[in-house]
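The values are calculated or read from the model by the stated rules, or taken from the named source; none is laboratory data. Computed from a predicted model, the values in this text were never measured in an experiment. We place every Cβ from the backbone using ideal geometry, glycine too, and count neighbours over all the protein chains shown. Just the protein is used for accessible areas: all its heavy atoms, side chains included, with ligands, DNA and RNA removed. Shrake-Rupley method; radii C 1.70, N 1.55, O 1.52, S 1.80 Å.
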Amino acid sequence: RAFREAGVSGFYIEQTTAHSRSALQHADLQTWVMAKLMDDPDRPLEDLVDDFCGHYYGPAGEPLKAYFRRLDAATRAFADTLPDRRVRKGLSAVGVHRALTAESIAALQGLLDTAEAAVADDPLRLERVQEVRLAADFTAIALWDRLDLAQALNLDRAALLDRYETRFARNIRSIYSD
């Protein structure tokens, strides 16, 4: 929308998704939304997220929509506390985990548990949900001590680290194996 309002008639966007760090940034969703907004910049973002989640995650779409909404709400609430607009606009790229509390991390993990259960018999969609969980687990590991997550999550640190390492290794093997 901003490009159109500025009189831009065309532009190029590049999004890298072929590495494990992309999973931490929800690159599949970002790439799809960017492509759709280039086609129709007036389409509401909420509609795009709903469409993507319903098709990409199937039966896990509803809990994933709730996951992304909750993550977005926490990020926006945290961004509103920052004094500089430029810092707020760049928040998604740097340290968004600072917006999360033990309660919000536990809620996000619960939504991912629900999503995984919904697609337990669908290997492709289960893998997609687990890629989203990779980001949630990374954040929980990073904030474990600061937020005392042992009290908030029904999971011990060793189990969380094992789940993250297993998923991360699977992701790397799927990208770089012959």
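Within region 121-178, which residues are basic (Lys, Arg) and loosely packed, with under 13 Cβ neighbours inside 10 Å?
Result: 146, 173.
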>> Which residue is farthest from the chain's Cα centre (by Cα), if the candidates are limited to region 97-120 and must be more than 17 Å from residue 79 (Cα to Cα) and open to solvent by less than 20 Å² (accessible area, probe 1.4 Å)?
In response: 119
> Residues in region 57-71: is at least one modelled with pLDDT under 85, touching a Leu at 6+ places or on another chain (Cβ under 6 Å) and open to solvent by less than 70 Å² (accessible area, probe 1.4 Å)?
Replying inline: no
